[in-house]
Amino acid sequence: MQTEVTESKKAHQSNDTAVELKGSVFTLPILQIQTTSISDIASELSERLSKALKFFDNAPVVIDLKAISDSTENLDFNSLMQVLSQRHLIPVGVRNGSSQQNSLAISAGLAILKGAFSDRVIEDKKAEVQQTTETNKNPQTSANTEAQTPVRKSKIITTPVRSGQQIYARESDLIIMAPVNHGAEIIADGNIHIYSSMRGRALAGVRGDVDANIFCQSMEAELVAVAGNFRVFEEDMPAEIKSKSVRIHLEGEHLIISEL
Amino acid sequence: MARVIVVTSGKGGVGKTTSSASFATGLAKRGNKTVVIDFDVGLRNLDLIMGCERRVVYDFVNVLNNEANLKQALIKDKHCDNLFVLPASQTRDKDAFTLEGVGRVLDELKEEFDYIICDSPAGIEKGAIMALYYADEALIITNPEVSSVRDSDRILGILAAKSKRAEEGSDPIKEHLIITRYVPKRVEMGQMLSVEDVQELLSIPLLGVIPESETVLSASNSGVPVIHDEMSLSGQAYSDVVDRFMGEELPLRFLEAEKKGLLKRLFGT
């Protein structure tokens, strides 16, 4: 690479910047590999991509090896890349691989991506799980003091929550009786109720309460999250929930949005 | 008791100064002693639209810095006896503003005037905050398009959080919505938000809808607020706005696209 650069510099001596290196951030689809069996991967991919139409045509993808990083069987990267290119995917790198997998990936011409973000998500999830177990424990240990602690009051907001405003209900539920507009953010450690249009971002159970719910009368949100599991909506809000009264809750790690 | 009214929008170019000039003129024409203050220091425009730019000697910043008194800085409008303009400085910047200074000038004005109209600069920076801080009421100027509505929403949030009334916890600022540059035909074609859409998004009471009109531009260029032009639809709409503000109940006008007759359709407008 370096030699190429110097050569091309020579070739373009009149122009002293033939190449410039710059940093940028890209959003890439991630292909999570769950098995070392190339044939299984191939058939699964064919099936999935047939549904995705042309969306993934010539799309660069990152191969995530987390699920098989402990595997003793070696993944055949050359065959894998062949399988991907046959399906018009362009693998650019791998992440979360074991050191052996990484060296195999490099020799197959793939980059190793050490995305800080991927690590952070995993750490966050871990922290959240710890927090949840803690909050789950708390009621048990404090069960006998429960009679003394006052009923937790919900935070009630009666005026519109506007773009740029952020409302946080610490250790309680959040009840909003007016519209939550685009660009507004409402956050609660507990549940969130919106008795009006929900157009902004709503994050319930932000300290890891996986049992938190979001209820709203008209679902038009930009983003909803429960205990860190989030979903963003661009122009793609499914018709069955758009502008409907919905409940949003977690089942496992899946956000379930259902009409009330 | 004098009322301080801020004319604000967040976004630029939506018609704040045009609305300030016409609204203040309308109030004055109905017998209220009115002053309109340009808070857009460094980019002053109000004096142009009011047609008094050549009479500016002292300005708002001079008064704030005690370099001139109010009597010297206030410019009497050439059309209305009850109307005065306090122009912004073109050479200073917004750092000249202090909350105490603005408060002192407003208090002094309150002794003499019924209505004090504060024409806010665009944005949510110091000048805009100064213009809205002491307000009793607010005219929110919005164009029927998403970015303007979003910025108005942001400003409404700031009114509810950063104004004097909000800080003291007294009655909140009374908010009024004015939709400007409305083109019914484009609303019908789905290119523009409808009055209902904007109202639903902002959820504040509607004071009026000003149709887009060439008369606004020519009025601004000639320095005569468009409300003086009784033939112009925009002028009539501003008149309605002032009447509604004074408590009259009037139906909304100019919301329907003009139906073109056969001849007009054949030969154009």
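Just so it is clear, none of the values below were taken in a lab; they were calculated from the coordinates. Keep in mind that what you see is a predicted model, and the values were worked out from it rather than measured. Glycine also receives a Cβ, built like all others from the backbone with ideal geometry; neighbour counts cover every protein chain displayed.
List of remarks:
- Calculated [222 nm] ellipticity per residue, helices only, for chain B: -11000 deg cm²/dmol; basis is -39500 (n - 2.57) per DSSP H run with n ≥ 4, divided by all residues, nearest 500.
- For chain B, average projected area of the Cα convex hull in nm²: 14.4
- Normalised radius of gyration (Cα atoms, divided by 2.2 N^0.38 Å) for the stretch A:176-239: 1.01.
- Measuring how big the stretch B:110-231 is from its alpha-carbon positions, Rg and Dmax come out at 15.9, 50 Å.
- Shielding of peptide A:181-191 by partners, expressed as the average count of other chain Cβ atoms within 10 Å per residue Cβ, is 2.
- Prolate/oblate/rounded label for the stretch B:1-66 (Cα gyration tensor, a/c 1.5): rounded
- Neighbouring Cβ atoms from other chains, within 10 Å of the Cβ of residues in A:157-163, number 6 on average.
- Projecting the alpha carbon convex hull of the stretch A:67-113 along each direction and taking the average yields 3.1 nm².
- Cα pair distances in the stretch B:171-252, grouped into 5 Å bins until the bin that holds the longest one, percent each: 3, 14, 21, 22, 20, 13, 5, 1, 0
- Using R0 = 30 Å, the C-beta based FRET efficiency linking A:E44 and A:V19 works out to 0.15.
- Annotation: the stretch B:135-187 has a Kirkwood hydrodynamic radius of 12.1 angstrom, from the mean reciprocal C-alpha pair distance.
- A:Q34 long-range amide H proximity, modeled H, under 5 Å: none
- Normalised by residue number, the volume inside the convex hull of the Cα atoms of the stretch B:86-162 is 109 Å³ per residue.
- Computed E for B:M246/A:V232 - FRET, C-beta separation, R0 56 angstrom, nearest 0.05: 0.75
- Computed from backbone phi with θ = phi - 60° and the Karplus coefficients 6.51, -1.76 and 1.60, the 3J(HN,Hα) list for the stretch B:52-57 is 10, 5, 7, 9, 6, 10 Hz; x is used for glycine and proline.
- The chymotrypsin sites (Phe, Trp or Tyr not before Pro) of the stretch A:155-260 include none that meets both conditions, a loop assignment by DSSP and at most 12 other Cβ atoms within 10 Å of the site Cβ.
- Calculated from backbone phi, Karplus (6.51, -1.76, 1.60) coupling profile of the stretch B:222-235 in Hz, x at Gly/Pro: 8, x, 10, x, 5, 5, 5, 8, 6, 7, 7, 4, 5, x
- On a per residue basis, the convex hull of the C-alpha atoms belonging to the protein assembly as shown measures out at 280 Å³.
- Distant-in-sequence amide H partners of B:A68 (H built 1.01 Å from N, under 5 Å): B:V63
- For the stretch B:1-134, the equivalent ellipsoid built from the Cα gyration tensor has semi-axes of 19, 17, 15 Å, listed from largest to smallest.
- Extreme residue, positive dipole direction of the protein assembly as shown, given options B:Y58, A:N213, A:L45 (C-beta unit charges): B:Y58
- Put simply, the amide H of B:I124, placed in the peptide plane, has no neighbours under 5 Å, leaving out anything fewer than 5 places away on its chain.
- Those chymotrypsin sites (Phe, Trp or Tyr not before Pro) in the stretch A:27-89 that DSSP places in a loop and that have at most 15 other beta carbons within 10 Å: A:F55
- Within 10 Å of each Cβ in A:64-77, the average number of Cβ atoms from other chains: 0
- Amide N proximity, the stretch A:21-41 versus A:R87 label position 7 Å along Cα-to-Cβ, cut-off under 15 Å: A:29-41
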